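Have a look at the structure below before the remarks.
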Amino acid sequence: MSESELTGQIVQCTHRLQHFLESLKDQKSAVHSSLDRMQLMSRAAALLIEIKSLNRAAQAITEDGREAANEAKKKTDQWHLKHQALQYQIHHYNTKIAQCREFKSSEADITLVPFQQFEAEAPPSLQVSPEDRNHQHKLAINRLEFELIQRKRLVAEEAELRKKRKALTDTIEKREQAFQNLNRQLRSVSGVVEPLQSVLGIHTHTRHTLVKRSLLLPTPLYAIFHQLADYKFTRDDSSISVEIEGDVNDAPPNHMTDDAAADADEETTSSHKRKRSEISDKGNGLRVRLTLSFSEDARRGVDGKSVSLCFSHHVMAPSARVPGISGGCLIGVTTDVSAQDLILNLYGPDPLLSQLPQRIQQFNPFAWAQVMAGLVHIPEQQTGAVPVAVYTSDLIKRLRLRAEAKPMLKTQIDFLTKLTIPVPSPSPVFPLTAETKLKEFSEIISTEESDQLTTPSRKFRAVFVHNDVGTVEMEALIEISVEYPLRAPLFTIKFTQHPDKDPLHHVNHLNAIMREVNSQVTSFTPEREENMTLSFQMRHLQMLLDIYVKTEMKSDGEVGSRLSIRNSYGRDRQKPFVFNRQTRMFEERKTDCN
């Protein structure tokens, strides 16, 4: 039964009950009732039964409504909870969005590898296609992942290096513990072997005596002495002698300091200042002498058996000091060999001497000596031939070559002046019998003032003549630097007489001959024969002129089978100037272009 039907029945039942009660009231007021009591009671009972039935139906409908209301309430509560959850999520998302918008990334503070390195080294999974390169977010993520991979690898390498460092530290500690008592053990061993050394004539105390005396040297000389002494004693070279000269009693018991140099420079009286000297030896009269002994081999032509270098210390007055030289002092170098400037100028043109007055240049304060003493550090762009660091081994080598080369060069010039080249022919180096003759060899004396002011070098003129096929005469101008033999002589050649009157026909051959003589010196100069470089160049030029005449003036049939396969090679008509020891034939110079 629906609620509307129940309402209608209740209304009808109410009307009937009202009508029954009104009829019952009228019956009671009437004197004589026409209705039977039993009939009234049955009507009343029927109405009560109908009211109860309607009451039960109303209660059932009310219960159903209450249950429906509860169900609706539950659904309302659920929707309300969901609404609250959605409101919370919206608030949470809004908060996160605000945080993201306010977030300041530290990505800019991370130093990533360059993009080119990322493209070259990144794994394929992190590579970005050309279409996605405009996708900055994806590209940044891939680069960050690659950076993470790289840093993990570096962290692993760092851990491995730390392990190695720890192992090395442990090893060093163990060795330090083992060497703690080494000095005491060495002293005990030295005390045991000292009697045996005295019996065998081994005097090890010489070096100790020199070391003790070196403490009296000024600091620059002290540095030079220990470089030379360490080189001598470590190599056990008996041909080198390092000594300290001078009166030990006059030397102060410490290195020369700047204050001592200032005291030596600043001499005043109570009335007036006396004139300061530009350079002085005041405060220390000790010197360091290096002596090199040479072999008595006669073919070297060395005058004497040794050459000595003496290093002396000179204090500079403030007015004469040179910028770039520290300590207020200079190291002078002298030698017992004549023309000592040519012997001592070991590194070519000196940038220091030109800055000093003539009175100071007499002490030969070469820049290489100041560098060796630690007084001057010459920038690389201003050094010229002087190195930034002077090594003792290089100094000894240059000194030996320069001292040996000077008398040997004089001997070669004497032979050449007599029109004799002091190199045998034929020989393994020069297989041809010389047909070209040395016609003239003389020194060119320069009379120009500009040439006299420059670094001294000697110039010579040589004339070669070949008369086999016509007359071919070649003139060679030779410039010998003071750095000989470290720098080979420079040859400039030309034909002064040639059957072919047009000089353009043989200019390429002249240039090729000059290249062979000037740039291929090491190929035809044997080892340990550097002092004979001039003679080997003269002999080589003589052989090249022979080859030129034989291959240029004669036909292939006349020469090719005996000297070389061909008389010329390539578009440049190169001559076979190079001797092949395997084929015993001459061939052209191989270049990178060939």
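The values are calculated or read from the model by the stated rules, or taken from the named source; none is laboratory data. None of the values given here were measured: they were computed from a predicted structure. Positions of Cβ are generated from backbone atoms using ideal geometry, with glycine treated the same way; all protein chains shown enter the neighbour counts. SASA here: full protein model, heavy atoms, side chains in, ligands and nucleic acids out. Shrake-Rupley method; radii C 1.70, N 1.55, O 1.52, S 1.80 Å.
Quick one: in segment 194-224, of everything that is among the polar types (S, T, N, Q) and part of a helix (DSSP H, G or I), which residue is modelled with the lowest pLDDT? Break it down stepwise before answering.
At the first step, the residues of segment 194-224 found to be among the polar types (S, T, N, Q) are 197-198, 204, 206, 209, 214, 219.
Okay, now just the ones that are also part of a helix (DSSP H, G or I), so 197-198, 206, 209, 214, 219.
Values: Gln197: 69, Ser198: 69, Thr206: 65, Thr209: 73, Ser214: 81, Thr219: 86.
Out of the qualifying residues, it is Thr206.
I'm trying to understand the selection: among the residues of segment 389-442, which are closer than 18 Å to Ala488 by Cβ and either of a type in the set (Lys, Arg) or not in a helix (DSSP H, G or I) (or both)?
Once the filter is applied, which keeps residues that are closer than 18 Å to Ala488 by Cβ and either of a type in the set (Lys, Arg) or not in a helix (DSSP H, G or I) (or both), segment 389-442 yields Lys397, Arg398, Arg400, Arg402, Lys406, Lys410, Ile421, Pro422, Val423, Val429, Phe430, Phe441.
Among the residues that make up segment 499-512, is at least one of them crowded, with 20+ Cβ neighbours inside 10 Å, in a helix (DSSP H, G or I) and β-branched (Val, Ile, Thr)?
Among the residues of segment 499-512, not one is crowded, with 20+ Cβ neighbours inside 10 Å, in a helix (DSSP H, G or I) and β-branched (Val, Ile, Thr), which makes the answer no.
For Glu50, state whether it is out of contact with any Leu (no Cβ under 7 Å at 6 or more places or on another chain), part of a helix (DSSP H, G or I) and either modelled with pLDDT under 85 or under 18 Å from Gln9 (Cβ atoms) (or both).
On the way: out of contact with any Leu (no Cβ under 7 Å at 6 or more places or on another chain): yes; part of a helix (DSSP H, G or I): yes; either modelled with pLDDT under 85 or under 18 Å from Gln9 (Cβ atoms) (or both): yes.
Judged against the criteria, Glu50 is a match.
Considering Ser53, Ser129, which residue is closer than 30 Å to Ser4 by Cβ, open to solvent by less than 60 Å² (accessible area, probe 1.4 Å) and hydroxyl-bearing (Ser, Thr, Tyr)? Lay out the reasoning, then the answer.
Details: Ser129 fails: closer than 30 Å to Ser4 by Cβ.
Just one listed residue meets the conditions, Ser53.
Does segment 309-329 include one or more residues that are surrounded by fewer than 17 Cβ atoms within 10 Å (Cβ to Cβ), assigned to a helix (DSSP H, G or I) and at pLDDT 70 or above?
The answer is no; no qualifying residue exists.
Filter segment 220-235 down to the residues that are over 31 Å from the mean Cα position of the chain (by Cα) and surrounded by fewer than 17 Cβ atoms within 10 Å (Cβ to Cβ) and list them by number.
Phe233
Which of the following residues is out of contact with any Cys (no Cβ under 6 Å at 6 or more places or on another chain), free of Cβ contacts under 8 Å to residues at least 40 places away in the same chain and open to solvent by less than 100 Å² (accessible area, probe 1.4 Å): Gln116, Gln59, Gln136, Gln99?
Details: Gln116 fails: open to solvent by less than 100 Å² (accessible area, probe 1.4 Å); Gln59 fails: open to solvent by less than 100 Å² (accessible area, probe 1.4 Å); Gln136 fails: open to solvent by less than 100 Å² (accessible area, probe 1.4 Å).
The match here is Gln99.
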